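Student: Dropping the structure in here first, questions after.
Read the figures in this text as sums done on the coordinates, not as results from a lab. A quick note: this is a predicted structure, and the numbers were derived from the prediction, not measured. Cβ coordinates were reconstructed from backbone atoms using ideal geometry, including for glycine residues, and neighbour counts include every protein chain displayed.
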Amino acid sequence: MCEAVRAIKRQMPPPEPNALADRLTRLIETAGPIPLAQFMAEANAHYYATRDPLGAEGDFITAPEISQMFGELVGLWLADLWSRAGKPSTAHYVELGPGRGTLAEDALRAMRAARFEPPIHLVETSGTLRKSQAGRLPTARWHDDIDSLPETGPLLVVANEFFDALPIRQIQRTEKGWFELMIGRKEGSFVPLVSGGPFDELIPEPLADAPIGSIVETSPAVESAALALAGRISAQGGAALVIDYGYQGPAVGDTLQAIADHGFADVFADPGECDLTAHVDFSVLARIGRAAGLRVYRPVAQGEWLEALGIGARTMALTKAAPERRDELVAARKRLTDRSEMGSIFKVMALVSTDWPDPAAF
């Protein structure tokens with residue numbers, strides 16, 4: 001399927017000149033190199049505002065688009081937690097970066113089966129994706145950021161592949177210390193340059209003596225979003241379920257990547273025309289959650305979490321109801337849970353209010 005899509009795109013007319021690239025070029029030529037975080041933020045803002053990137057005809061496929069089972073199990077996880085918390089009638093369903101609304105649609109269907117029908121709140125800035133979400137979730141309310149979410153009632157938050165798209169900073173060790181990588185222009189191309197700094201004081205002590213050339217990533221945007229989210233849950237009750245690819249820091253490594261046509265692309269070649277992401281440091285989310293007084297449940301592998309929730313039984317039930325879908329369902333379960341596919345690299349973490357029960361599958 002991906003090869004067929006690429007063949008079709010090769011036959012399409014050449015793209016229009018990249019206005020964002022032109023604007024960033026003028027900015028750099030006028031004021032000098034810009035922070036990587038600014039480059040990534042502007043590129044992703046343009047990218048998501050101008051297209052639906054999901055599915056076979058887009059650039060990538062997320063877990064909810066692979067199978068209904070993913071969203072259904074998320075919904076049952078939320079409904080179980082809500083039920084054991086005493087079924088508060090004021091609870092809200094919140095999703096950060098909800099894509100096409102597929103996960104929410106499947107999760108809410110499962111929640112309704114458990115007699116839980118909360119109001120729906122979607123944090124989404126892309127007008128294109130909002131239109132797609134509205135088709136599936138006509139009663140939803142949309143928000144530009146976490147700050148405008150309801151201030152009363154528990155929040156049950158889902159963040160699936162949300163934090164990885166937030167902009168990062170990269171700091172590299174040189175012979176003169178740790179300096180920030182900025183984005184400049186060289187021979188007509190965008191290139192990373194060692195420029196801002198030194199920033200030795202920002203480097204965690206265990207990494208201070210990393211080899212020359214090592215890169216440490218930080219994300220003020222991730223920290224800001226996590227602080228806002230943790231503060232709300234601490235004050236209002238509820239929980240957040242974070243699903244993303246990432247690691248437990250502190251660690252060195254360059255994880256910035258670009259995805260286009262279901263494959264890797266050059267990060268700097270065509271800003272705004274590829275999806276830019278970086279691996280999430282789950283230790284940062286854990287630290288912020290604990291500081292806000294929440295209980296933090298360690299990140300577990302996505303495959304392990306889905307199996308504990310019963311994806312095997314759900315696969316069998318759907319196969320029994322529709323035997324012609326057997327191969328499709330078995331393949332979807334494998335893709336979501338197998339260590340060689342999404343099962344290992346994707347992690348699941350929960351942040352839970354102190355007066356709520358322990359969540360399932362941790």
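Student: Using a Debye calculation, one point per C-alpha and no hydration shell, please list log10 I(q)/I(0) for region 39-125 at q = 0.18, 0.19, 0.20, 0.26 Å⁻¹ in order.
Tutor: Per q value, in the given order, log10 I(q)/I(0) is -0.81, -0.87, -0.92, -1.27.
Student: Over the chain, what is the relative contact order in whole percent, taking alpha-carbon pairs under 8 Å and six or more residues apart? It would help to have the intermediate numbers written out before the result.
Tutor: On the way: 681 pairs, mean separation 71.7, N = 362.
Dividing the mean separation by the residue count of the chain yields 20 percent.
Student: Set the Förster radius R0 to 45 Å, insert the Cβ-Cβ distance between THR354 and LYS320 as r into 1/(1 + (r/R0)^6), and round the FRET efficiency to 0.05. Mind dumping the intermediate values first?
Tutor: Details: r = 41 Å, r/R0 = 0.91.
Calculated value: 0.65.
Student: Hey, any idea what Rg/Rh is for region 281-362, computing Rh the Kirkwood way over Cα pairs? Please list the in-between numbers first.
Tutor: Details: Rg = 15.9 Å, Rh = 14.2 Å.
When Rh is taken as the Kirkwood radius, the ratio is 1.11.
Student: Ok, one more. At most 12 other Cβ atoms within 10 Å plus a DSSP loop assignment makes a site exposed; report the longest stretch of the chain without any exposed trypsin sites (Lys or Arg not before Pro). Walk me through the numbers on the way to the answer.
Tutor: Numbers: sites that count: ARG115, LYS176, ARG339.
By the stated rule (loop sites, at most 12 other Cβ atoms within 10 Å), 177-338.
Student: Follow-up. With springs only between Cα atoms under 10 Å, which of PRO167, PRO204, PRO271 fluctuates most in a Gaussian network model of the chain?
Tutor: Maximum fluctuation in the GNM of the chain, among the listed residues, is at PRO204.
Student: So if each residue of separation counts as 0.36 nm, and I subtract the Cα-Cα distance between LEU227 and SER195, what length gain in nm does that give? The partial results should precede the final answer.
Tutor: Numbers: separation 32, 0.36 × 32 = 11.52 nm, distance 2.90 nm.
Full extension of this stretch gives 8.6 nm more.
Student: Give the residues of region 79-114 whose amide nitrogen is closer than 14 Å to a point set 7 Å from the Cα of ALA313 in the direction of its Cβ.
Tutor: Residues 80 fall inside that zone.
Student: Further, regarding this structure: Can you divide the C-alpha Rg of region 181-295 by 2.2 N^0.38 Å and report the result to two decimal places?
Tutor: 1.27
Student: Provide the FRET efficiency to the nearest 0.05 for the GLU205-ASP147 pair, computing r from the beta carbons and using R0 = 25 Å.
Tutor: Details: r = 33 Å, r/R0 = 1.34.
Calculated transfer efficiency: 0.15.
Student: Kirkwood hydrodynamic radius for region 119-192: how many Å is it when counted over pairs of different Cα atoms?
Tutor: Numbers: mean 1/r = 0.0614 Å⁻¹.
After inverting the mean inverse Cα-Cα distance, the result is 16.3 Å.
Student: Rounded to the nearest whole Å³, what is the per residue volume of the convex hull around the Cα atoms of the chain? Mind showing how you got there, number by number?
Tutor: Working: hull volume 54.9 nm³, N = 362.
In the chain, the Cα convex hull volume per residue is 152 Å³.
Student: I need PHE199, PHE346 ordered by Cβ neighbour count within 10 Å, fewest first. Mind dumping the intermediate values first?
Tutor: On the way: PHE199 16, PHE346 23.
Ordered from fewest to most neighbouring Cβ atoms within 10 Å, PHE199, PHE346 come out as PHE199, PHE346.
Student: Top mean-square fluctuation among ALA286, ALA91, ALA134, Gaussian network model of the chain, C-alpha springs under 10 Å?
Tutor: So, out of ALA286, ALA91, ALA134, the one fluctuating most is ALA134.
Student: Which lysines does LYS186 reach when only Cα atoms under 25 Å apart count, and residues fewer than 8 places away in its own chain are ignored?
Tutor: Hits, sequence-local ones excluded: LYS176.
Student: Provide the per-residue ³J(HN,Hα) series for region 232-248, in order, calculated from phi with Karplus coefficients 6.51, -1.76, 1.60 and θ = phi - 60°, each as a whole number of Hz, with x at glycine and proline positions.
Tutor: Listing the rounded values in order: 5, 5, 4, 7, 10, x, x, 7, 10, 10, 10, 10, 6, 8, x, 8, 9 Hz.
Student: Taking the number of other C-beta atoms within 10 Å as the exposure measure, put ASP145, ASP244 in order starting with the fewest. Don't skip to the end; give the middle numbers.
Tutor: Numbers: ASP145 12, ASP244 23.
Going from least to most buried by this count: ASP145, ASP244.
Student: What per residue convex hull volume, in Å³, do the alpha-carbon atoms of region 133-240 yield? It would help to have the intermediate numbers written out before the result.
Tutor: Numbers: hull volume 18.0 nm³, N = 108.
In region 133-240, the Cα convex hull volume per residue is 166 Å³.
Student: Grab the eigenvalues of the alpha-carbon gyration tensor for region 71-225, scale each by 5, take roots, and send me the semi-axes largest first in whole angstrom.
Tutor: On the way: eigenvalues 344, 72, 32 Å².
The equivalent ellipsoid of region 71-225 has semi-axes of 41, 19, 13 Å.
Student: Which whole-Hz couplings ³J(HN,Hα) result when phi for each residue of region 25-35 is put into the Karplus expression 6.51 cos²θ - 1.76 cosθ + 1.60, θ = phi - 60°, listed in order with x for Gly and Pro?
Tutor: Each residue's phi maps through the Karplus curve to give 4, 4, 4, 5, 5, 8, 10, x, x, 10, x Hz.
Student: Moving to a separate point now. Calculate, for GLU175 and SER83, the FRET efficiency according to 1/(1 + (r/R0)^6) with r their C-beta to C-beta distance and R0 51 Å; round to the nearest 0.05.
Tutor: Details: r = 59 Å, r/R0 = 1.15.
In this case the efficiency is close to 0.30.
Student: Rule-of-thumb check for region 218-362: C-alpha Rg over 2.2 N^0.38 Å?
Tutor: Working: Rg = 18.0 Å, N = 145, 2.2 N^0.38 = 14.6 Å.
Normalised by 2.2 N^0.38 Å, the Cα Rg of region 218-362 equals 1.23.
Student: Now for a separate question. Using Cα centres only, tell me the gap between region 97-145 and region 263-341 in whole Å.
Tutor: Cα centres, region 97-145 to region 263-341: 19 Å.
Student: For SER344 and VAL300 in the same chain, what is the full-extension length gain: residue separation times 0.36 nm, less their Cα-Cα distance, in nm? Please list the in-between numbers first.
Tutor: Working: separation 44, 0.36 × 44 = 15.84 nm, distance 0.87 nm.
Extending this stretch completely gives an extra 15.0 nm.
Student: While we're on this one: Remind me, relative contact order of region 216-309 in percent, using alpha carbon pairs under 8 angstrom and six or more residues apart? Please list the in-between numbers first.
Tutor: Values: 88 pairs, mean separation 30.6, N = 94.
Relative contact order comes out at 33 percent.
Student: A further question follows. Pairs of alpha-carbon atoms within less than 8 angstrom and 6+ residues apart define the contacts here; what relative contact order does region 75-227 have, in percent?
Tutor: Working: 220 pairs, mean separation 31.8, N = 153.
About 21 percent, as a whole number.
Student: How large is the charge dipole for the chain, taken about the Cα centre, if only the Cβ atoms of Lys, Arg (+1) and Asp, Glu (-1) carry charge, to the nearest 20 debye? Don't skip to the answer; put the middle values down first.
Tutor: Values: 35 positive and 48 negative charges, 223 e Å.
I would put it at about 1060 debye.
Student: How large is ³J(HN,Hα) for each residue in region 47-54, as worked out from phi by the Karplus curve 6.51 cos²θ - 1.76 cosθ + 1.60 (θ = phi - 60°), to whole Hz, x for Gly and Pro?
Tutor: Per-residue couplings from phi come out as 4, 6, 6, 10, 6, 9, x, 8 Hz.
Student: Loop sites only, by DSSP: take the GluC sites (Glu not before Pro) in the chain that have at most 10 other C-beta atoms within 10 Å and name the longest stretch containing none of them.
Tutor: Between the exposed loop sites, the longest stretch runs 188-362.
Student: Of all DSSP beta bridges in the chain, what percent run antiparallel (nearest 5)? Intermediate values should be presented prior to the final figure.
Tutor: Numbers: 34 of 54 bridges.
Taking every DSSP beta bridge within the chain, about 65 percent pair in antiparallel fashion.
Student: Considering the chain as a Gaussian network with a 10 Å cut-off on Cα pairs, which listed residue, PRO220, PRO53, PRO98, attains the greatest mean-square fluctuation?
Tutor: The residue with the greatest mean-square fluctuation here is PRO220.
Student: Can you sort SER189, SER283, SER219 so the residue with the fewest Cβ neighbours within 10 Å comes first? It would help to have the intermediate numbers written out before the result.
Tutor: On the way: SER189 11, SER283 16, SER219 21.
In order of increasing Cβ crowding within 10 Å: SER189, SER283, SER219.
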